[in-house]
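Asker: Quick one: the structure is below, and I'll ask about it shortly.
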């Protein structure tokens, strides 16, 4: 909330940079705390020493930190970053406060692939993610194909198509769940609510370059998005190639959402609330809102996943349960206090 | 800017055709016509937002369809009838959006952009609103901010779609004073759609009366605004006489029975 007072200034590179640095520091601190937490307690001093490559850290601890906790924190951060970036962009393009990266059907598309993979008995390292990614992309292309007319994507048609496709796929998912054996049912449910327990460095390295490239392109479009939220026609009049921005953004965001979801399962709520929180705190300018939302999403998901893996230790909860359980009350409190900052005009 | 034999059809029930006219720099042209006569469509055609079926719109001797959107935006600025701002952008942020077409990929405005925005705000009398949220403004203030945003585009032509429809008489006059002075002193070619015929007739150099998608009459306000033309096109009894002070045509709408008596 301390960031609130700076709203009177026009967004300039310095402001974006300083808020970016502040949020990155918060992210680093949250990640350090997360590293120390888990069934085996590790003190902050040990962790600092371990990170610096100094101090005496026994082999077991080093193994836990390097092979279990760190890859998981890295992936959680990247997933949160991606989903929240997707949320802020979809909210702008669809001009709808309910928009989030899953709204066009990508979640159910990914789920069909993943659950199909689980039913076939494929592994979580390659088979399930690959099937999930392919079916997520196929779904988004199907939705965009159905909604496009004369090369144009109309927002409300796109939204409706996404919702209907979601409903259809959910029916198929329910069929698989209803007929699944108990052992597979557990994997399916965890996947459907988001599960980061299978995190490995390789997943992070697969996602990272894609996420960075798409984020860069999206950031170039941040001014375009400022104009598009005020309506597509006025944006065209001021010189924005609206259709180009929409096609590139929808495909780019779907691509990175598809790839992270393939590894993490469907972690809801991050992509919806983090952009709203950031908009309440920092204002509506996408040049600031996009990086702030992405970093905020990373912070939120690293924190939520830490809770998910420690709260009923040694068992775990799906992280999607925590994002909604902790996120919803906090969000409602802010909504009541501040309003959504969103007028339908 | 020239329109040549422009026609456009929407499905098969609705069309616009035989439009020929030019808009010159420094000229203020008023477009009038009943609801559904094609005014907004014509304006959108002039801005290259809809393609014509036949004929072409020439912008600086080049077909408008050959321009990219940002190139059009550098020549033509449009002031919408009403603009919805979903978020509480401040006035200066809104005005700066007009600089979009002049910026490259680097997403931040520079000092020069800010100067141009402030100059536009000075011309429209909105400088003291700079830090206010667009949501807090009255209808008249908001319209002037939108005009400031259009000026910030540094275009040569400005098209306004019913900028005065939501305003009271004082603010209507203010808007017409503003756009007339922009045409006169800044050399903009201005086209304004309006339902305030008598007021438009006081300011406009030429007027264009649209009727069912056709140009019914174009010329000086005296030639276009007459009892016959207005009552025929608008299907409504009116009396047009000369405003004794400005000597421009003045339209008085008559109630049905009074209309029957004069005819």
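Asker: Based on what the data block shows, is residue A:96 modelled with pLDDT of 85 or more, part of a loop (DSSP other than H, G, I, E, B) and either in contact with a helix residue (DSSP H, G or I) (Cβ under 7 Å, 6 or more places away or on another chain) or surrounded by fewer than 17 Cβ atoms within 10 Å (Cβ to Cβ) (or both)?
Answerer: When the stated conditions are applied, residue A:96 passes them.
Asker: Oh, and also: Could you say whether any residue in the range B:160-180 is farther than 26 Å from residue A:235 by Cβ and in contact (Cβ under 8 Å) with a residue 60 or more places away in the chain?
Answerer: Yes: the range B:160-180 contains one or more residues that are farther than 26 Å from residue A:235 by Cβ and in contact (Cβ under 8 Å) with a residue 60 or more places away in the chain.
Asker: Sticking with this one: Can you confirm whether the range B:17-29 contains a residue that is modelled with pLDDT of 90 or more, more than 11 Å from chain A (Cβ to nearest Cβ), part of a strand (DSSP E or B) and in contact with a strand residue (DSSP E or B) (Cβ under 7 Å, 6 or more places away or on another chain)?
Answerer: Looking through the range B:17-29, at least one residue is modelled with pLDDT of 90 or more, more than 11 Å from chain A (Cβ to nearest Cβ), part of a strand (DSSP E or B) and in contact with a strand residue (DSSP E or B) (Cβ under 7 Å, 6 or more places away or on another chain).
Asker: Is it true that some residue in the range B:117-125 is closer than 21 Å to residue A:231 by Cβ, more than 10 Å from chain A (Cβ to nearest Cβ), within 19 Å of the chain's Cα centre (by Cα) and in a helix (DSSP H, G or I)?
Answerer: Among the residues of the range B:117-125, at least one is closer than 21 Å to residue A:231 by Cβ, more than 10 Å from chain A (Cβ to nearest Cβ), within 19 Å of the chain's Cα centre (by Cα) and in a helix (DSSP H, G or I), which makes the answer yes.
Asker: Among the listed residues A:215, A:187, A:199, A:155, identify the single one that is within 18 Å of the chain's Cα centre (by Cα) and either modelled with pLDDT under 95 or farther than 19 Å from residue A:91 by Cβ (or both).
Answerer: Residue meeting the stated conditions: A:199.
Asker: Scanning for something outside any helix (DSSP H, G or I), within 7 Å of another protein chain (Cβ to nearest Cβ) and surrounded by fewer than 16 Cβ atoms within 10 Å (Cβ to Cβ), does the range B:41-61 turn up at least one residue?
Answerer: Looking for residues that are outside any helix (DSSP H, G or I), within 7 Å of another protein chain (Cβ to nearest Cβ) and surrounded by fewer than 16 Cβ atoms within 10 Å (Cβ to Cβ), one finds none in the range B:41-61, hence no.
Asker: Does residue A:215 count as on the phi < 0 side of the Ramachandran plot and not in a loop (DSSP other than H, G, I, E, B)?
Answerer: Here the answer is yes, as residue A:215 does meet what is asked.
Asker: A further question follows. Cβ-Cβ below 6 Å, separation at least six or inter-chain, first residue in the range A:26-37 and in a helix (DSSP H, G or I), second loosely packed, with under 15 Cβ neighbours inside 10 Å: which pairs?
Answerer: Short answer, once both residue conditions are applied: A:36/A:44.
Asker: Of A:210, A:225, A:192, which residue is within 14 Å of chain B (Cβ to nearest Cβ), touching a residue at least 24 places away in the same chain (Cβ under 8 Å) and touching a helix residue (DSSP H, G or I) at 6+ places or on another chain (Cβ under 8 Å)?
Answerer: After ruling out the rest, the residue left standing is A:225.
Asker: Which numbered condition trips up residue B:113, out of (1) surrounded by fewer than 21 Cβ atoms within 10 Å (Cβ to Cβ); (2) touching a residue at least 40 places away in the same chain (Cβ under 8 Å); (3) part of a helix (DSSP H, G or I); (4) within 12 Å of another protein chain (Cβ to nearest Cβ)?
Answerer: (2)
Asker: Right, next: Only residues that are outside any helix (DSSP H, G or I), surrounded by 13 or more Cβ atoms within 10 Å (Cβ to Cβ) and either touching a residue at least 60 places away in the same chain (Cβ under 8 Å) or within 14 Å of chain B (Cβ to nearest Cβ) (or both): list them for the range A:292-339, please.
Answerer: Selection gives A:316, A:318.
Asker: Quick check on residue A:69: is it away from chain B (no Cβ under 14 Å) and touching a helix residue (DSSP H, G or I) at 6+ places or on another chain (Cβ under 9 Å)?
Answerer: yes
Asker: Can you pull out the residues in the range A:228-266 that are at the interface with another protein chain (Cβ under 7 Å from one of its Cβ atoms), touching a residue at least 12 places away in the same chain (Cβ under 8 Å) and part of a helix (DSSP H, G or I)?
Answerer: Answer for the range A:228-266, where residues must be at the interface with another protein chain (Cβ under 7 Å from one of its Cβ atoms), touching a residue at least 12 places away in the same chain (Cβ under 8 Å) and part of a helix (DSSP H, G or I): there is none.
Asker: Those residues that are crowded, with 24+ Cβ neighbours inside 10 Å and either in a helix (DSSP H, G or I) or within 11 Å of chain B (Cβ to nearest Cβ) (or both), I need them from the range A:267-282; list them, please.
Answerer: A:270, A:271, A:272, A:273, A:274, A:275, A:278, A:279
Asker: Determine whether the range B:77-87 contains at least one residue that is more than 7 Å from every other protein chain (Cβ to nearest Cβ), over 26 Å from residue A:95 (Cα atoms) and buried (at least 21 other Cβ atoms within 10 Å of the Cβ).
Answerer: no
Asker: Run residue B:220 past the list (1) buried (at least 19 other Cβ atoms within 10 Å of the Cβ); (2) closer than 24 Å to residue B:46 by Cα and report the number of the one that doesn't hold.
Answerer: (1)
Asker: Next question. Are any residues in the range A:275-321 under 20 Å from residue A:38 (Cα atoms) and within 14 Å of the chain's Cα centre (by Cα), and if so, which ones?
Answerer: A:298, A:299, A:300, A:301, A:302, A:303, A:304, A:305, A:319, A:320
Asker: What single numbered condition from (1) touching a residue at least 40 places away in the same chain (Cβ under 8 Å); (2) in a loop (DSSP other than H, G, I, E, B); (3) crowded, with 20+ Cβ neighbours inside 10 Å fails to hold for residue B:150?
Answerer: Condition not satisfied by residue B:150: (2).
Asker: Oh, and also: Before we move on, is residue A:79 without any contact (Cβ under 8 Å) to a residue 60 or more places away in the chain and closer than 30 Å to residue A:28 by Cα?
Answerer: no
Per-residue answers, yes or no, for (1) modelled with pLDDT of 85 or more; (2) assigned to a helix (DSSP H, G or I); (3) more than 23 Å from the chain's Cα centre (by Cα):
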position	(1), (2), (3)
A:21	yes, yes, no
A:39	no, no, yes
A:45	no, yes, yes
A:57	no, no, yes
A:73	yes, yes, no
A:85	yes, yes, no
A:88	yes, yes, no
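Asker: If you don't mind, there's one more thing I want to ask. Any residue at all in the range A:1-14 that's within 14 Å of another protein chain (Cβ to nearest Cβ), at pLDDT 90 or above and more than 23 Å from the chain's Cα centre (by Cα)?
Answerer: The answer is yes; a qualifying residue exists.
Asker: Let me ask something additional. Give the residues of the range B:127-147 that are within 11 Å of chain A (Cβ to nearest Cβ) and either crowded, with 20+ Cβ neighbours inside 10 Å or assigned to a loop (DSSP other than H, G, I, E, B) (or both), sorted by residue number.
Answerer: Matches in the range B:127-147: B:130, B:131, B:132, B:134, B:146.
The values are calculated or read from the model by the stated rules, or taken from the named source; none is laboratory data. Being a predicted model, the structure only gives us computed values, none of them experimental. Note that each Cβ is placed from the backbone with ideal geometry, even for glycine, and that neighbours are counted across all protein chains shown.
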